[in-house]
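Right, one structure below, let's go through it.
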Amino acid sequence: MNKVSPDLFPCLLLSTDLENNHLGYANQYAIDILGISPDTSITVFDLISKASWIFFESYIHPELLKNGQCNEVQITLIGGQTKKVPAVANVRLVGSILYWSIYTAEDRDKLYQELLLTRKHLETQNEELLLLSRKDPLTSLLNRRAAADDFLKMQQQLTRSFIPISFLIIDIDWFKGINDNFGHEVGDEILIELSNTLKEVSRNTDILARWGGEEFLIILYNSDITNAEHFSSRLHEKFQLIVLPNNKNLTVSIGVTSLDKKELGENELLYKVLKRADKALYLAKEKGRNRTEIDM
């Protein structure tokens, strides 16, 4: 049988004295990693970091005295030129001698960090995709589905503590004519400008969405009908500052309604309430547009 040399093992093999912690043996792999001279009198504490020293005294040493061995403990070696090297150690006590087999974990830690970075990148991508899935691509407002999801959360909150909520459906007057006369590119610009105006006047607590086509939804948090009516008047003033290519001012029709506390337990509540807002919107159209109507 060929003689096996400990110097050929791809790990650090050490022996230290339990009483004085002096290094008794180190294979060549350990000498190379630690940058030590085999003739130098050193202790195990010269080979590990201060944190690992404390860990040895508080955990490894008592564990060895109790069980005679301690497996897969993480320590930090002090290598050549004081380089810190993460490692995993298995230690066995035989008599008064500790036998160490230590495996450096630089590649493992590097892989772990890469996995953490990959996970963080995937989580960021997932958040970005989720955000994109909630947004209307043209206006960057919430889309219909996201608005409905957010209202469901609001509904659950209102069940615990009710406050006034109002709903506004906003529809651009004669929008088909804008597209037909000036082109869809101008129509898109109008939609974007109107959306930016809505963002300016809305609060973070409100739900603001492009409900479909040229129709927009605002759910005003902590706002009764009177406040919603004042808000609608402000919207009319703001939107008329948007000038069409023919130098006419943009106008909108708005339907407004509010939430009754008794409705909170109903299914599909949002769509039931918005039927009332739609009814008021159609009335505003019938009465000549550029106005707000309220359905109580």
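Some points to look at:
- Options ASP150, ASP173, ASP136; residue that is over 27 Å from the mean Cα position of the chain (by Cα) and not aliphatic (A, V, I, L, M): ASP173
- Residue count for region 40-60 satisfying the condition of being over 17 Å from LYS84 (Cβ atoms) and part of a strand (DSSP E or B): 1.
- Checked against (1) out of contact with any Asp or Glu (no Cβ under 7 Å at 6 or more places or on another chain); (2) crowded, with 16+ Cβ neighbours inside 10 Å; (3) not acidic (Asp, Glu), GLY183 passes all but condition (2).
- Within region 1-39, considering residues that are hydrophobic (A, V, I, L, M, F, W, C) and part of a loop (DSSP other than H, G, I, E, B), the one modelled with the highest pLDDT: LEU18
- Among all positions in region 92-102, there is at least one residue which is modelled with pLDDT of 95 or more, touching a helix residue (DSSP H, G or I) at 6+ places or on another chain (Cβ under 9 Å) and basic (Lys, Arg).
- The set of residues in region 248-293 being among the β-branched types (Val, Ile, Thr) and touching a Leu at 6+ places or on another chain (Cβ under 9 Å) consists of VAL252, ILE254, VAL256, THR257, VAL273, THR292.
- Output for region 12-62, where each listed residue is in contact with a helix residue (DSSP H, G or I) (Cβ under 8 Å, 6 or more places away or on another chain), in contact (Cβ under 8 Å) with a residue 60 or more places away in the chain and either surrounded by fewer than 17 Cβ atoms within 10 Å (Cβ to Cβ) or outside the structural domain of ILE78 (by TED's automatic domain parsing) (or both): LEU18
- Qualifying residue in region 259-271 (condition: modelled with pLDDT of 95 or more and of a type in the set (Gly, Ala, Ser)): no
The rows are residues; the columns are (1) more than 33 Å from the chain's Cα centre (by Cα); (2) closer than 18 Å to GLN155 by Cα.
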| position | (1), (2) |
| --- | --- |
| GLY213 | no, no |
| SER232 | yes, no |
| LEU235 | yes, no |
| ASN246 | yes, no |
| THR251 | yes, no |
| ALA277 | yes, yes |
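- Test: residue in region 118-140 that is surrounded by fewer than 11 Cβ atoms within 10 Å (Cβ to Cβ), at pLDDT 90 or above and of a type outside the set (A, V, I, L, M): yes
- Residue satisfying condition, being of a type in the set (D, E, K, R), assigned to a strand (DSSP E or B) and touching a Lys or Arg at 6+ places or on another chain (Cβ under 9 Å), within set ASP171, ASP150: ASP171
- Filtered residue count, region 257-278, keeping only those that are touching a strand residue (DSSP E or B) at 6+ places or on another chain (Cβ under 7 Å) and either over 25 Å from GLY187 (Cβ atoms) or not aliphatic (A, V, I, L, M) (or both): 6
The values are calculated or read from the model by the stated rules, or taken from the named source; none is laboratory data. From a predicted model like this one, the values you see are computed outputs, not experimental measurements. Every residue, glycine among them, receives a Cβ derived from its backbone with ideal geometry; neighbour counts consider all protein chains shown.
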